[in-house]
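The values are calculated or read from the model by the stated rules, or taken from the named source; none is laboratory data. Model, not experiment: these values are computed from the prediction. Please note: Cβ atoms are built from the backbone with ideal geometry, for glycine as well, and neighbour counts cover all protein chains shown. Only protein heavy atoms, including side chains, enter the accessible area calculation; ligands, DNA and RNA are left aside. Shrake-Rupley method; radii C 1.70, N 1.55, O 1.52, S 1.80 Å.
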Amino acid sequence: MEPLTSPIEAVETATAHRAVTADALVVAAWTDHHEEIFAFLVRTTRDPEVAEDLLGEAFLRLTCEARAGRAPDNVRAWLYRVGANLAVSRGRRVTTALRGLVRVGSTSAPPVTTSTPETSYLARESRAALLGVLADLDPGARAALLLAAEGFSGAEIAAAIGRSESATRTLLCRTRLRVRGRLESPEAAR
């Protein structure tokens, strides 16, 4: 006669079985699809190193989904979709970062200028105006804006501030407009 198992042991056994099954699914997906997904990502990003990172992220997400019991029905199509979404998200972050660099006046080569008292004063004045505008923002909006400036994704920001992704995008858009308007207004220039 077999000994009775406790509910905890039954859950642990089922979880261990699911992990083994999930890992087998991911290994099979890697064997069957990693080369074509990698080639797709290289064509999409035009950078093999970036494509490699995105491929790893896509398979990491597949592992998480499979271990959570949410393995996709069509793994190949799912990997293509996740890879494409990751490439688009990366492209948006890079574009946003480049736009920010252009606004700041940065170029590919660091400027070789000496700091004059006037430029130092103007930089301090601009920074003080920005800090003043940030201080007046709602804490959630300020946190979202600062996280976005650090390169966090919309999903990560949404999770950090406890909002949905769409609400976070709306909040970021409105906050950026508000900050830009306040910095460009004549009162902020004083």
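Convex hull volume per residue, computed on the Cα atoms of region 28-72, equals 63 Å³.
The simple spin-label model puts a point 7 Å past each Cα toward its Cβ; for Glu35 and Thr116 those points are separated by 6.2 nm. For Arg76, neighbours were defined as the other residues whose beta-carbon sits under 15 Å from its Cβ, and their charges (Lys and Arg +1, Asp and Glu -1) total -3. Computing FRET efficiency as 1/(1 + (r/R0)^6) for Ala77 and Arg174, where r is the C-beta to C-beta distance and R0 is 45 Å, gives about 0.80. When nucleic acids and ligands are ignored and a 1.4 Å probe is applied, Leu55 ends up with an accessible area of around 10 Å².
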